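Notes to accompany the following structure.
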Amino acid sequence: MLRKKDSKKRRLEDKVGSTESIIAPGTKFEGTISGHDSVRISGNFEGEINCEQLVWIEKEGRIEGTIKSPFVIIEGEIKGNIESAEQVELRTEGRVTGDINTTIIAIAEGGSFNGKIQMPRKKDKPISFVEKRIGGDQADNQDKTLSSKATNNSEVTSDGPSEQKPTQRKISS
């Protein structure tokens, strides 16, 4: 019997839709590919891919351009950016030169990446908190303690005097 967890598609290649567009080995294509189904690149592509399912760049595949897709597997080479992805897999012989924006990334041993990775979380929100402040002599004593520590550290730099006193956090159990 399959449980709900077992019925989920766990491998990225399982996310291939029922229909798949293919650029075959030895084929060169320039332009824009957009659609609802999966795309598999085994040849050379230059341009932009806008896909609502999986984009799979096979070992022979070479892309120069931008990929906008929720799921991307790289076994070949990409010179360009991967945007708005949910999951990216850079496999053993895969090479990426460009930036990746994804929530999940896996880079296999042997995979090559040169660029920046940005991993936003789906529900990112600023965290708010309230600090408890101590007034009077205790803050002055802490200021002196911090100043004496700073003079013993040769790497401390300052942009000038600060009129703001440091805060002290009080931990309650």
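Rule-based calculations on the coordinates, nothing more; no lab input. Here the structure is a predicted model, which is why all the values come from computation and not from measurement. Cβ coordinates were reconstructed from backbone atoms using ideal geometry, including for glycine residues, and neighbour counts include every protein chain displayed.
Count charges around Gly61 for me, please; just the other residues with Cβ under 13 Å from its Cβ, Lys/Arg as +1, Asp/Glu as -1. Spell out each step's value before the answer.
Numbers: positive: Lys28, Arg40, Lys59, Arg62, Lys79, Arg91, Arg95; negative: Glu46, Glu58, Glu60, Glu64, Glu75, Glu77, Glu93.
With Lys, Arg at +1 and Asp, Glu at -1, the neighbours total 0.
Please say if the stretch 10-118 is rounded, prolate or oblate, where rounded means a/c under 1.5 for a ≥ b ≥ c the square roots of the C-alpha gyration tensor eigenvalues, and otherwise the choice is prolate for a/b larger than b/c and oblate otherwise?
rounded
Could you put Lys68, Lys28 in order, starting from the residue whose Cβ has the fewest other Cβ atoms within 10 Å?
In order of increasing Cβ crowding within 10 Å: Lys28, Lys68.
Around Ile41, with a cut-off of 12 angstrom between Cβ atoms, what is the net charge of the other residues, counting Lys and Arg +1 and Asp and Glu -1?
Surrounding charge for Ile41 is -3.
Just grab the label-to-label distance for Glu52 and Thr103, each label 7 Å out from Cα along the Cβ direction, in nm (one decimal).
Rounded to a tenth, the inter-label distance reads 1.8 nm.
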